[in-house]
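Trainee: Below is a structure I'd like to ask you about.
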Amino acid sequence: MIDLYAAPTTNGLRAKIMLDETGLDYNLRRVNMQAREHKTPEFLAMNPMGLTPVIVDHDGPGGKAVTIPQSIAILFYLAEKSGKFLPQDPAARAAFWDPMMNTATDIGPTYGAVAFISRWSEANAAATENFQQRFREYCAVWDAKLANQRYCAGDEVTIADFSFFGIFTRAKSNYAAMATGYANLDRWHDEINARPGVQKGLNFD
Ligand SMILES: N[C@@H](CCC(=O)N[C@@H](CS)C(=O)NCC(=O)O)C(=O)O
């Protein structure tokens, strides 16, 4: 059994969607970030960085419990554990790395910067706009890519789709101006959104 400690943030969404898509057994241990439950001694013992999400797999390698913070590490761990959502064909695997890493290290942190900076004051409007513009530029590249391929890394669903989906769906609802006008991205978003596992993954109740 796996315990998932998460809140419905972009990083939490990708971990929960992956668990629901793989069908692995897990318990959701919802973290109340407003109550700062991610800074308690119990939580810090799992992740000294005090960041969500974290999984604890009580049946990890060798039958031993393993604790894994970092949403992208969680995606890879669960992909390997379940044997799902990682391309097996060497050419498809090679084509997977760039889109995967864009979601992890480029567009994801850009969304995070918009969310973080825009919470401060009007004085930071220029910085917010700067990151929103960067987000739009990434979206334009994704939109062109998705004109020629069905999913983020080609013609099969991979963890790159789940990694990006949480970001784009939150951008659409929270910062619509930077996620509007991309027809191919919308087609992809609607297709991923319609998956039963993704719908389950979005539900933190
Ligand atoms: N690189 C980490 C980032 C985790 C992260 O920043 N989590 C946010 C929620 S999305 C958090 O816990 N923030 C609390 C804080 O900054 O104190 C990951 O991908 O899991």
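Trainee: Between A35 and E80, what is 0.36 nm times their sequence separation minus the Cα-Cα distance? Round to one decimal in nm.
Mentor: Contour length minus Cα-Cα distance gives 12.8 nm.
Trainee: Using modelled amide H (1.01 Å from N, peptide plane; none on Pro or chain starts), what sits under 5 Å from the amide H of A7, excluding residues fewer than 5 places away?
Mentor: Amide H neighbours of A7, under 5 Å, 5+ apart: G12, V31.
Trainee: Name the lysines eligible as straight-distance cross-link partners of K84: C-alpha to C-alpha under 26 Å, and not fewer than 8 places from it in the same chain.
Mentor: Result set, ordered by chain and number: K16, K64, K145, K200.
Trainee: Follow-up question, since we're still on this one. Can you pull the one-decimal nm distance between simple spin-label points at A140 and V66, each 7 Å off the Cα toward Cβ?
Mentor: In this crude spin-label approximation the distance works out to 4.2 nm.
Trainee: Using only alpha carbon pairs under 8 Å that are at least six residues apart, calculate the relative contact order of region 2-84 and give it in whole percent.
Mentor: In percent, rounded to a whole number, it is 34.
Trainee: What number does region 38-96 give for Rg over Rh if you use C-alpha atoms and the Kirkwood radius? Write out the running numbers ahead of the final one.
Mentor: Working: Rg = 14.3 Å, Rh = 13.0 Å.
Looking at region 38-96, the ratio lands at 1.10.
Trainee: Can you quote the Å³ per residue value for the convex hull of the Cα atoms in the chain, rounded to an integer? Can you show the working numbers first?
Mentor: Working: hull volume 25.0 nm³, N = 205.
It is 122 Å³ per residue.
Trainee: A follow-up question, please. Could you run the Karplus curve 6.51 cos²θ - 1.76 cosθ + 1.60 with θ = phi - 60° over region 141-157 and give me ³J(HN,Hα) per residue in whole Hz, x for Gly and Pro?
Mentor: 5, 4, 4, 5, 4, 6, 6, 10, 9, 6, 10, 4, 10, x, 9, 10, 6
Trainee: Now for a separate question. Sort 157-166, 132-141, 5-14, 56-65 by the packing proxy (mean of other Cβ within 10 Å over each peptide's residues), most packed first.
Mentor: Top of the packing list down: 157-166, 5-14, 132-141, 56-65.
Trainee: Something else about it: Share of antiparallel DSSP beta bridges in the chain, in percent to the nearest 5?
Mentor: Numbers: 9 of 14 bridges.
Roughly 65 percent of the beta bridges in the chain run antiparallel, per DSSP.
Trainee: Below 8 Å between Cα atoms, with a sequence gap of 6+, how large is the relative contact order for region 90-195 in percent?
Mentor: This gives 30 percent for region 90-195.
Trainee: What Kirkwood Rh does region 137-205 have if only Cα atoms enter the pairwise 1/r average? Answer in Å.
Mentor: That comes to 12.3 Å for region 137-205.
Trainee: Based on the alpha carbons, how large is the Rg to Rh ratio for region 90-195 when Rh follows Kirkwood? Please report the intermediate quantities before stating the final value.
Mentor: On the way: Rg = 14.0 Å, Rh = 14.1 Å.
Expressed as Rg/Rh, it is 0.99.
Trainee: In whole Å, what is the distance between the alpha-carbon centres of region 1-72 and region 138-195?
Mentor: 25
Read the figures in this text as sums done on the coordinates, not as results from a lab. Only a predicted model underlies this, so the values are computations on that prediction, with no experimental measurement involved. When we count neighbours, we look across all protein chains shown, and the Cβ atoms used for this are built from the backbone with ideal geometry, even at glycine.
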